[in-house]
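Worksheet for the structure shown next.
The values are calculated or read from the model by the stated rules, or taken from the named source; none is laboratory data. Model, not experiment: these values are computed from the prediction. A quick note on method: Cβ atoms are made from the backbone with ideal geometry, for glycine too, and the neighbour counts reach across all protein chains shown. Heads up: the accessible areas ignore ligands, DNA and RNA and are worked out on the full protein's heavy atoms, side chains in. Shrake-Rupley method; radii C 1.70, N 1.55, O 1.52, S 1.80 Å.
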Amino acid sequence: MNKFDKKVSKEVKSFLGENIEFTTGETERIRRKAKMPVQRFNLVYWIVLTATISVSSLLALSFLPKDNQQAGQQIPDFEQYKGEALTIGVIGNPPKVREKELIHFEPLTFQDLIDGKLGSADAVFIMKEKLIEASESQYARVYLEASVPFFFIESTQGITPFTVSSMRYRESPEYARNTDFASGYRALDRMQFGFGLYNDIKNAQTIAGTYSEIFERIDQFK
């Protein structure tokens, strides 16, 4: 081993000694598996082992759900909606919200939209599982002329596929252009708006907080 190799070996040993710690038992097991004498230090083995552990850890983190990766973030307690009672027409499965005493969800169908039968709804939610059907051309006129605001829940393409009759909603990720949790449109003043999740963290707490914000906006429209 020449002077350069000896210097590199010394520096690597020093780095590993300062930054990598193993118990005596773990060290003995590693050495036995590598069929190494206890007294010898196999530099190449330790470098490969350290690199393998690092790469494995990074790969494991990359496959964790976003919620888990951001589990350490401090999420605030979102204020609940405390305004007037609201009636929300909903096409699809009603969402779970905290304001059960103030928010009444009224089931609607697409035929109800065509017939103008929105009942006493202050707004209409179209849920994620109904977005593709909601983008059919015959419904664009409804959204553009309705007297109440429409909210397209978890639309990855904003309101465009619903208000432009020649467009269609696509679930494929390649069509995703919008990061808002909910996209809304009010025909009375041609206003469009979006509601995002706190720090883009998607869990029950942030979703509930976003719905509370939506209810506040609907209350302002009344």
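Give the stretch 100-121 a look and list any residue that's outside any loop (DSSP other than H, G, I, E, B) and in contact (Cβ under 8 Å) with a residue 60 or more places away in the chain, or say none.
ILE103
Looking only at the stretch 109-150, count every residue that is more than 28 Å from LEU197 (Cα to Cα) and crowded, with 21+ Cβ neighbours inside 10 Å and tell me the total.
1
Could you list all residues from the stretch 174-189 that are free of Cβ contacts under 8 Å to residues at least 12 places away in the same chain and more than 18 Å from ARG217 (Cβ to Cβ)?
GLU174
Residue check: is GLY92 touching a residue at least 24 places away in the same chain (Cβ under 8 Å), buried (at least 16 other Cβ atoms within 10 Å of the Cβ), closer than 15 Å to PHE195 by Cα and in contact with a Lys or Arg (Cβ under 8 Å, 6 or more places away or on another chain)?
Considered against the rule, which asks whether it is touching a residue at least 24 places away in the same chain (Cβ under 8 Å), buried (at least 16 other Cβ atoms within 10 Å of the Cβ), closer than 15 Å to PHE195 by Cα and in contact with a Lys or Arg (Cβ under 8 Å, 6 or more places away or on another chain), GLY92 comes out as no.
So, of the residues in the stretch 191-205 that are polar (S, T, N, Q) and outside any strand (DSSP E or B), which turns out to be nearest to the chain's Cα centre (by Cα)?
ASN203
Being among the polar types (S, T, N, Q), open to solvent by 10 Å² or more (accessible area, probe 1.4 Å) and either closer than 20 Å to THR179 by Cβ or over 24 Å from the mean Cα position of the chain (by Cα) (or both): is that true of GLN80 here?
So GLN80 does not fit the description; no.
Every residue in the stretch 151-190 that is over 19 Å from the mean Cα position of the chain (by Cα) and exposed (fewer than 12 other Cβ atoms within 10 Å of the Cβ), please.
Within the stretch 151-190, SER166, LEU188, ASP189, ARG190 meet the criteria.
Go through the stretch 110-146 residue by residue and tally those that are touching a Lys or Arg at 6+ places or on another chain (Cβ under 9 Å) and of a type outside the set (A, V, I, L, M, F, W, C).
Number satisfying all stated conditions: 5.
Can you tell me which residue among VAL142, VAL90, VAL124, VAL97 is part of a helix (DSSP H, G or I) and either of a type in the set (A, V, I, L, M, F, W, C) or at pLDDT 95 or above (or both)?
Checking each option against the conditions leaves just VAL142.
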